[in-house]
C-alpha cells in the first residue's frame, strides 16, 4: 500500500511537469532565477557566443579563413551551455513524448538557414543577441541593451510583414513535401521516456566529469540542461514575445519574458551593487558585466538585423536551440546558418562596419553611471510596465494585431 | 457525432509561426458556421490554438492525435 502511494506521488509529480505545457510566465520566472545563478557563478546567460565557438571550431578543423587558437567547445562555457540547452530540450520533449523529427518543405529549410545567418550577423554587429543583449542585457542596466531592444522590435515587425506577404504571394515556399519521423503518438513510444532518462544521466556524468577541476563548467552544464528543459516545457519564445501582439494579439509570451526580465533585474542589480561574486576581479568590472560597448548605433542596427533573422527562422538564439532539441529540422538549418556565418561576420563584416560608425568602440553605457542605480531600475520597471499594459490592451482591442 | 468538414488545412512539418499564420488566413476566407480541419505536427499549436480560439470566438470542436505524430484540430468559425 505504502509503495503504491509513493508510486502514485511520483507519477503525479511527473505528470505535473510533462503532461502539459507550462504557462510561459512560469518558464520566464524560472529562467530569470537561473540567469541570476549563472551571474552569481560567473556571468549571465548568453547565446550567440556559443554558436560562434562552434563555428570557429569547425572552420579551424577545416583550415578555413586562417582561424586558429580557438577554445575547444568542451572548454568554452557558452559553447557547452548551448549544447546542454539542446540536450535539456531533447529531454523535455522525450519525457513528454513530444519528440519527432519534423522535416519541413525545402523552402522553409532555406528560410531557416538565411534567418540563422542574419542572426549571426546581427549579433556580431550589435554585440549581443536576444539572450545576452536583451534578456540579460536589459537587467544588466546596459543603455545599449535598450537600443538593441528597439532594433529587435523593428526587425521583427518588418519580417512579420514579409511573412504575411510571402504567404499571400509565394505560398509555395511554405508548402510541399514534409515528413515526420520517430513520433510517439497514440500510446506508443515508451522508448522516448526511457531515452529521456538516459540523456539526463549522461548530462549528470558530463557535469560530474568537470567538478573538481572546473566547477564553473560543472554548474554551467547542470544549469544549461535545466534552461533547455524549462524553455521546451514552457515554449519560452522571445520571437513570439515581440511578434505575437502584432500577429494574433496573444500576450502570454510577452508576459513570460517580462516576468523573466523582472527577476533578472532584481538579481542582477543586487549582484552589481554589492559586487557579489567579484572574487579577484574589481567591483567595477563586475558592474560592467554584460554592458557591451554597443551604444549608440551598433545596438539598434545589429538588433534590427537580428530581429529580421529570428522572425524568418522562427526562433531566436535560444528558441533555435530548444526547437532543435525538440526535433524541428527547420531550426537545425537555422543553427547551421548561425554557426557558419558567425565567424565570417566577426572576421569580415564587423571590422569594416565598426569603422563606418562615428563613435568610440570601447564605450560602455552603464545606466547607473548617469542616473544612479535607483533611477535606472525605476526606468526599466516603467518600460516593462508600459509594455505589459500595451500588450494586454492590444490583446483586448486587437488594435495592432494583423488577425 | 463527427462534424462535416468544409475545408482542410495541412500544416504538417511547419513550425511556429507558420501554422497560426496559415490558419488565420484560411479562417478569414471561411464563412460563419463552416468547419475547418487542420493537420499539423508542431506541439506548440496545441497551446496556441486554445488561446487563439478564446480570443477570436471560434470553437475548437475536437482535437486528437493521429498516427505518426500528427495532431488534428477541428475548428468551427464564429
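Of the residues making up the range A:127-146, those that are within 23 Å of residue A:236 (Cβ to Cβ) and part of a helix (DSSP H, G or I) are A:130, A:131, A:132, A:133, A:134, A:135, A:145, A:146. Can you tell me which of A:263, A:230 is over 23 Å from residue B:22 (Cβ atoms) and over 15 Å from the mean Cα position of the chain (by Cα)? Sole residue among the options that is over 23 Å from residue B:22 (Cβ atoms) and over 15 Å from the mean Cα position of the chain (by Cα): A:263. Taking the conditions (1) surrounded by 24 or more Cβ atoms within 10 Å (Cβ to Cβ); (2) assigned to a helix (DSSP H, G or I); (3) more than 10 Å from chain B (Cβ to nearest Cβ) in turn, residue A:93 satisfies each one other than (3). In the set (1) within 14 Å of the chain's Cα centre (by Cα); (2) within 14 Å of chain B (Cβ to nearest Cβ); (3) under 16 Å from residue A:228 (Cβ atoms), the condition left unmet by residue A:116 is number (3). If we scan the range A:335-342, do we find a residue that is within 14 Å of chain B (Cβ to nearest Cβ), touching a helix residue (DSSP H, G or I) at 6+ places or on another chain (Cβ under 6 Å) and either in a helix (DSSP H, G or I) or surrounded by fewer than 24 Cβ atoms within 10 Å (Cβ to Cβ) (or both)? Yes: one or more hits. With respect to the stated conditions, residue A:363 is assigned to a loop (DSSP other than H, G, I, E, B) and under 21 Å from residue A:132 (Cα atoms).
Which of the following residues is within 10 Å of chain A (Cβ to nearest Cβ), buried (at least 16 other Cβ atoms within 10 Å of the Cβ) and under 11 Å from the mean Cα position of the chain (by Cα): B:23, B:36, B:9, B:14?
From the options B:23, B:36, B:9, B:14, the qualifying one is B:23.
Among the residues making up the range A:320-342, those that are touching a strand residue (DSSP E or B) at 6+ places or on another chain (Cβ under 7 Å) and farther than 12 Å from residue A:111 by Cα are A:327, A:328. So, residue A:153, is that one under 30 Å from residue A:292 (Cα atoms) and within 14 Å of chain B (Cβ to nearest Cβ) or not? For residue A:153, the condition - under 30 Å from residue A:292 (Cα atoms) and within 14 Å of chain B (Cβ to nearest Cβ) - is not met. Residues in the range A:147-159 include none that are part of a helix (DSSP H, G or I) and at pLDDT below 95.
Being more than 14 Å from chain B (Cβ to nearest Cβ), surrounded by fewer than 22 Cβ atoms within 10 Å (Cβ to Cβ), touching a helix residue (DSSP H, G or I) at 6+ places or on another chain (Cβ under 7 Å) and closer than 26 Å to residue A:364 by Cα: is that true of residue A:135 here? Answer is no for this residue.
Can you pull out every residue in the range A:243-260 that is more than 18 Å from residue A:131 (Cβ to Cβ) and either in contact (Cβ under 8 Å) with a residue 24 or more places away in the chain or away from chain B (no Cβ under 12 Å) (or both)? A:245, A:246, A:247, A:248, A:249, A:250, A:251, A:252, A:255, listed by residue number.
In the range B:39-56, what count of residues is obtained for those that are surrounded by 21 or more Cβ atoms within 10 Å (Cβ to Cβ), closer than 13 Å to residue B:76 by Cα and more than 7 Å from chain A (Cβ to nearest Cβ)? Residues flagged as surrounded by 21 or more Cβ atoms within 10 Å (Cβ to Cβ), closer than 13 Å to residue B:76 by Cα and more than 7 Å from chain A (Cβ to nearest Cβ) within the range B:39-56 amount to 1.
Looking at the range A:104-126 only, could you name the residues that are buried (at least 24 other Cβ atoms within 10 Å of the Cβ) and outside any helix (DSSP H, G or I)? A:104, the sole residue that qualifies. Among the residues making up the range A:347-399, those that are within 14 Å of chain B (Cβ to nearest Cβ) and either touching a residue at least 40 places away in the same chain (Cβ under 8 Å) or surrounded by 15 or more Cβ atoms within 10 Å (Cβ to Cβ) (or both) are A:391, A:392, A:394, A:395, A:398. Only one of the listed residues (A:24, A:70) is within 14 Å of chain B (Cβ to nearest Cβ), at negative phi and either crowded, with 16+ Cβ neighbours inside 10 Å or free of Cβ contacts under 8 Å to residues at least 24 places away in the same chain (or both). That residue is A:24. Can you confirm whether the range B:59-75 contains a residue that is more than 21 Å from residue A:180 (Cβ to Cβ), free of Cβ contacts under 8 Å to residues at least 40 places away in the same chain, touching a strand residue (DSSP E or B) at 6+ places or on another chain (Cβ under 6 Å) and part of a helix (DSSP H, G or I)? Scanning the range B:59-75 turns up no residue that is more than 21 Å from residue A:180 (Cβ to Cβ), free of Cβ contacts under 8 Å to residues at least 40 places away in the same chain, touching a strand residue (DSSP E or B) at 6+ places or on another chain (Cβ under 6 Å) and part of a helix (DSSP H, G or I).
Could you say whether any residue in the range A:262-270 is in contact (Cβ under 8 Å) with a residue 40 or more places away in the chain, under 28 Å from residue A:312 (Cα atoms) and in contact with a helix residue (DSSP H, G or I) (Cβ under 7 Å, 6 or more places away or on another chain)? Yes, the conditions are met somewhere in the range A:262-270. Taking the criterion of being more than 9 Å from chain B (Cβ to nearest Cβ) and within 27 Å of the chain's Cα centre (by Cα), the residues of the range A:167-197 that qualify are A:173, A:192, A:193, A:195, A:196, A:197.
The values are calculated or read from the model by the stated rules, or taken from the named source; none is laboratory data. As the structure is a computational prediction, the values presented were derived from the model and not from experiment. Note that we place each Cβ from the backbone using ideal geometry, even for glycine, and neighbour counts take in every protein chain shown.
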